[in-house]
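The values are calculated or read from the model by the stated rules, or taken from the named source; none is laboratory data. Model, not experiment: these values are computed from the prediction. When we count neighbours, we look across all protein chains shown, and the Cβ atoms used for this are built from the backbone with ideal geometry, even at glycine. Accessible surface is based on the protein model in full, side chains and every heavy atom, while ligands, DNA and RNA are left aside. Shrake-Rupley method; radii C 1.70, N 1.55, O 1.52, S 1.80 Å.
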There are 2 protein chains.
Amino acid sequence: MAIARHRAGRERRPTLEQVAERAGVGRGTVSRVINGSPRVSDRTRVAVEAAIADLGYVPHRAARALAGNRADAVALVVPEPETRLFAEPYFAAIIRGVTSELAEADIQLLLTLSSTASERERFAQYAAGNRVDGVLLVSVHGEDPLPELLAENGIPAVMNGRRSADEAFPHVDGDNVGGARAAVRHLLERGARAVATITGSRDMYAAQCRLDGYYAELAASGVDEDEGLVAHGDFSEEGGYRAMYELLGRRPRLDAVFCASDLTAAGARRALREAGRSVPGDVALVGFDDSAIARHMDPPLTSVRQPTEEMGRAMTRALLAEIAGEPAAAPGLILPTELVRRASS
Amino acid sequence: MAIARHRAGRERRPTLEQVAERAGVGRGTVSRVINGSPRVSDRTRVAVEAAIADLGYVPHRAARALAGNRADAVALVVPEPETRLFAEPYFAAIIRGVTSELAEADIQLLLTLSSTASERERFAQYAAGNRVDGVLLVSVHGEDPLPELLAENGIPAVMNGRRSADEAFPHVDGDNVGGARAAVRHLLERGARAVATITGSRDMYAAQCRLDGYYAELAASGVDEDEGLVAHGDFSEEGGYRAMYELLGRRPRLDAVFCASDLTAAGARRALREAGRSVPGDVALVGFDDSAIARHMDPPLTSVRQPTEEMGRAMTRALLAEIAGEPAAAPGLILPTELVRRASS
DNA sequence: TGCCGTGATGGGAGCGCTCCCACTTCGGTG
DNA sequence: CACCGAAGTGGGAGCGCTCCCATCACGGCA
């Protein structure tokens, strides 16, 4: 199971017992000081803290975990096929939010990539084996059994995004509908007459929300729906490319496109260039996610940004609260999005 | 220090003792089976494995760590200012390599972002506190005290990249010189007469190597050096943009540019467009890193790719070997790079 | 003056594992 | 047929903490 290993000759760290001896107190008292118990006199506390500093004492995490029946660690689970996630500023920001919030609570972050369903099941086992106090899930797809597996095992967990409108699992999500509405409103305000959209994968709720937002804003602005202006993509560049041609064929006079992702927009942009349409002259383009691609497209792409770092923080706070046994106020939290205007629109 | 927490009413997992009882053997024997000791008879082994499966037993990590004086975990340290790293496929691939190699050894990966110097010092303390068996370092800058801090504390560590030609700290790096040479050779073979280069940050060894490779290939091809064809950037887009104008001013007739990073190339490309030079018609362009930007530039950028996933694996293997106390063969390992040809050259 | 509550403290009893020593078998040897 | 070593096994002794109960000192109160 584990590999055989010899210990490197690392010097032994001081133990709580040694701190106690040095401070002239008992083990219990030192433990109380370390854990911030109020049942310690100020004089004693000061003495103990001095001893800790003198010895350079650092609590032994494993011993703590074993005695306290906790792990002081949470896992971040990334579906393997989604390692492209790493290539997203979105994800980087989530991690930044998560780590900063965890650092305050002195809790470690475990990174886990799980590809197959069986691997995810194995992970649930792991999690149950007291290895982690809670789990953060990103990029969960509709059929993923992991959330329910974790719930069954009573393991606190929070996920990023939702699988449906009535997601019961604790989650933190960006306001996809609001972001899409802002994007479409922006295009209309710029004077667009025929705003098309290229959707994301239909089995993903975020894609549905972005499409809903598109329809909602058109309705609010009194623009008639035209199914010919809606083409289906899959969040990929290739999908965006194909969908753009489809749209161009059906509605040659379209003058704006709201894309469900930046990658989709990149594909659409390529198709537009091939078709001899300029951006934003002939067709205005807006993406979603505000990824690295958006800034480096030609012209730079207007895109919808989610408050990702804050989402990471919020997820973590929610998870820590759940771990602490605090009753969840609401199953989920939706944070507002922001339109980042660039030259493409 | 840590936050107060109440346990969620999670059911207790079976212990090694219970497995032993069920299999009708002693604790020691079960432990031997779990750890793959050869000193167990086949019959016993089978019985124990059956009991483990029946009970759904999973070893308790903290108990193991405490008793075995190890952590079964390694940390990946990312300098905070470098969270842009996450936005690189480079980094994603490193992580993939690291996790796959660690999974085999059943070792966990801790992700740590450390920004300030004091935080890094604190991390060294942490690491020393038996929290991790080893450390993986990415994106280490020249003045970073962490490697030496870890070495002093006897903590096994491996870093990605080098700080100088005679890096003594264990490391795994890509062949920057070779990659640069391949890029320049490619440009020359395409018929370029005046190959310019935009360098990376001068304080980074990788930038130096790429420049060295540029010179080396020119020399090998019998082309005279021309300092006017070398402009200094800093790996950023803005730097590439400025450097490109500088080059254009000095050597208007240049017909190819080797850029020290894709981002640099993106900046150069923007400058070229403004200056009315076509790519690759007037000027051929090559980048380095093969990041997402490269694929999405217009035209797509030829770039040098490093075997990043393999680098992650290699780092991990080296670290595990060091942890196991195996004497390191060489301080470092350099892996070959590959030129990915696209339309920009 | 005696009694009791309260705040502060010490330390025993584990947490679930690994390490290692002692013990039992058993087949081969002299 | 006694003897010996190797192979296989059981279980005691921790690892460094937390939890919690017992103890103690000290006032205030009757």
- Query: Which value, in Å², gives the accessible area per residue of the stretch B:46-205 when a 1.4 Å probe is used on the protein heavy atoms?
  - Reply: 34
- Sorted from shortest, what are the nm distances separating the label point of A:GLY222 from equivalent points in the other copies, each placed 7 Å from Cα along Cα to C-beta? 7.7
- Checked the stretch B:31-154 against the a/c 1.5 cut and the a/b vs b/c comparison, axes a ≥ b ≥ c from its Cα gyration tensor; verdict prolate
- Note on the structure: For B:ALA284, the residues 5 or more places away or on another chain with a placed amide H closer than 5 Å to its own amide H are B:ALA256, B:VAL257
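With the contact rule set at Cα under 8 Å and sequence spacing of 6 or more, what percent relative contact order holds for the stretch A:16-59?
Result for the stretch A:16-59 is 44 percent.
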- So what is the 222 nm mean residue ellipticity for chain A from helices alone, if each DSSP H run of at least 4 adds -39500 (n - 2.57) and you divide by all residues, rounding to the nearest 500 deg cm²/dmol? -13500 deg cm²/dmol
- Task: State the Cα centre-to-centre distance between the stretch B:209-286 and the stretch A:257-303 in whole Å.
- Result: 27
- Query: Which distances in nm, rounded to one decimal and ordered from shortest, link the label point of A:ARG251 to the equivalent label points in the other identical copies, with labels set 7 Å from Cα toward Cβ?
  - Reply: 5.1
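In a shell of Cβ-Cβ distance under 12 Å around B:LEU146, excluding B:LEU146 itself, what net charge do Lys and Arg (+1) and Asp and Glu (-1) give? Walk me through the intermediate numbers first.
On the way: positive: B:ARG120, B:ARG122, B:ARG163; negative: B:GLU119, B:GLU121, B:GLU143, B:ASP144, B:GLU148, B:GLU152.
It works out to a net charge of -3.
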- Message: Going 7 Å from Cα along the Cα-Cβ axis for the label, what nanometre distances separate A:ALA117 from the same residue across the other copies?
- Response: 5.4
- Message: Quick check: the angle from helix A:176-189's long axis to the longest principal axis of chain A, C-alpha only, nearest 10 degrees?
- Response: 40
- Summarise the partner chain shielding of B:291-299 as one whole number: the mean count of Cβ atoms from other chains within 10 Å of each residue's Cβ. 5
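Considering only protein heavy atoms and a 1.4 Å probe, what is the carbon-and-sulfur percentage of the accessible area of the protein assembly as shown?
50
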- Query: To the nearest 100 Å², how much accessible surface do chains A and B cover up together, summed over both, with a 1.4 Å probe?
  - Reply: 6400
- Message: For a test of the definition: using alpha carbon positions, the gyration tensor, and the 1.5 limit on a/c, classify the stretch A:176-305 as rounded, prolate or oblate.
- Response: rounded
- Message: Could you give each residue of the stretch B:320-327 its phi-based ³J(HN,Hα) in whole Hz, using Karplus coefficients 6.51, -1.76, 1.60 with θ = phi - 60°, and x for Gly or Pro?
- Response: 4, 5, 5, 4, 6, x, 6, x
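Residues with beta-carbon under 13 Å from that of B:ARG45, excluding B:ARG45: net charge, scoring Lys, Arg +1 and Asp, Glu -1? Spell out each step's value before the answer.
On the way: positive: B:ARG32, B:ARG39, B:ARG43; negative: B:ASP42, B:GLU49.
Result for the neighbourhood of B:ARG45: +1.
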- Item | Test item: A:311-324 mean partner chain Cβ contacts at 10 Å | 1
- Item | Long-range amide H partners of A:VAL304 with built H, under 5 Å | A:GLY287, A:PHE288, A:ASP289, A:ASP290, A:VAL340
- Relative contact order of chain A, defined on C-alpha pairs under 8 angstrom at six or more residues apart (%): 17
- Query: In sequence order, what are the phi-derived ³J(HN,Hα) couplings for the stretch B:301-317 according to the Karplus relation 6.51 cos²θ - 1.76 cosθ + 1.60 with θ = phi - 60°, rounded to whole Hz, with x for glycine and proline?
  - Reply: 8, 5, 8, 9, 9, 9, x, 5, 4, 5, 5, x, 5, 5, 4, 5, 4
- Rounded to 10°, Cα long-axis angle of helix B:42-55 versus longest principal axis of chain B: 80
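Once you sort the root eigenvalues of the Cα gyration tensor of chain A as a ≥ b ≥ c, which label holds: rounded (a/c under 1.5), prolate (a/b larger than b/c) or oblate (the other case)?
On the way: a/c = 2.74, a/b = 2.57, b/c = 1.07.
Here chain A falls in the prolate category.
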- Message: Can you work out the Karplus-derived ³J(HN,Hα) for every residue in the stretch A:213-230? Use 6.51 cos²θ - 1.76 cosθ + 1.60 with θ = phi - 60°, whole Hz, and x for glycine or proline.
- Response: x, 4, 4, 4, 6, 4, 4, 4, 8, x, 8, 6, 5, 9, 4, x, 8, 10
- Long-range amide H contacts for A:HIS232: which residues qualify at under 5 Å (H placed 1.01 Å from N, peptide plane, sequence gap of 5 or more or a different chain)? A:THR199
